[in-house]
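Report on the following structure.
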Amino acid sequence: MEFSERQKKIIQIVKENEPITGSEIAAKLGLSKPTLRSDLALLTMTEVLTARQKVGYIYAGKASEPILQNHLYECRVEDLMIAPVFITSEDTLKNAVTELFIRDVGSLYVINEEKELIGILSRKDLLRASLNNTDDHIPVAMIMTRMPNIVTITKEKSVLEAGDLIMSREIDSLPVVEAANPLHVIGKVSKTNIMNYFIQEGKKVEG
């Protein structure tokens with residue numbers, strides 16, 4: 001497996017300064033710690049680095065298992081994506097909260113009459129709106145996150161790319177859209193999807 005240039009720099013920094021914290025690694029690279037989350041997660045998961053609580057990262061140098069490598073780099077978003085839950089901008093705050101908990105999802109995708117994505121409502125959005133408004137019949141259009149401030153992904157992208165976007169943008173899920181029509185949602189990939197995938201693949205490697 002070929003690591004990225006940034007991952008190679010992280011490995012070298014850890015070798016030269018172990019034990020070293022994530023914040024210290026980020027400082028040496030002139031980056032923020034959240035920016036390195038996916039890199040550190042990959043290097044830890046593949047056992048190149050070992051993370052020790054209250055100590056920091058230590059170089060382990062173990063080669064990652066081929067099965068895990070292949071899945072991390074070759075598994076595509078389309079293999080993990082699930083069906084999204086849609087609402088319209090005319091739906092009320094009350095309806096949105098009810099839909100979110102009945103469907104047991106972390107976010108709702110708001111579409112217009114042409115079935116195009118125009119907004120997203122997360123659990124945090126709905127909780128904030130419920131606390132700040134006594135009227136639960138206000139339309140979701142007033143509280144949703146609107147396009148173009150929505151991060152999306154296409155089905156051919158890797159799961160690793162999806163996880164990197166979710167972690168770096170600090171969001172719960174990504175709408176999966178058509179490459180030819182970035183407003184047409186065909187699925188959804190969430191933080192939970194990706195975490196479950198990593199756990200299951202890790203268990204396979206452990207035997």
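Derivation of every value follows stated rules applied to the coordinates shown; laboratory data play no part. Quick caveat: nothing in here was measured; it's all calculated off a predicted structure. Virtual Cβ from ideal backbone geometry, glycine too; neighbours counted across all protein chains shown.
Of note:
- Projecting the Cα positions of Ile111, Tyr59, Leu36 onto the charge dipole of the chain (unit charges on Cβ atoms of Lys, Arg, Asp and Glu, taken about the Cα centre) puts Tyr59 furthest along the positive direction.
- Three-way shape call for segment 72-160 based on the alpha-carbon gyration tensor, with the a/c threshold at 1.5: prolate
- Put a plus charge on the Cβ of each Lys and Arg, a minus charge on the Cβ of each Asp and Glu, and nothing anywhere else: the dipole of segment 1-51 about its Cα centre is then about 160 debye.
- Antiparallel bridges, percent of DSSP beta bridges restricted to segment 26-175 (to nearest 5): 80
- Between the exposed loop cleavage positions of the chain, defined as trypsin sites (Lys or Arg not before Pro) in a non-H, G, I, E, B DSSP state with at most 12 neighbouring beta-carbon atoms within 10 angstrom, the longest gap is 116-207.
- Tensor-based shape of segment 5-64 (alpha-carbon gyration tensor, a/c under 1.5 rounded, otherwise prolate or oblate): rounded
- In degrees, nearest ten, helix 191-206 long axis to first principal axis of the chain (Cα): 30
- The chain: C-alpha gyration tensor shape, a/c 1.5 cut-off, then a/b vs b/c: prolate
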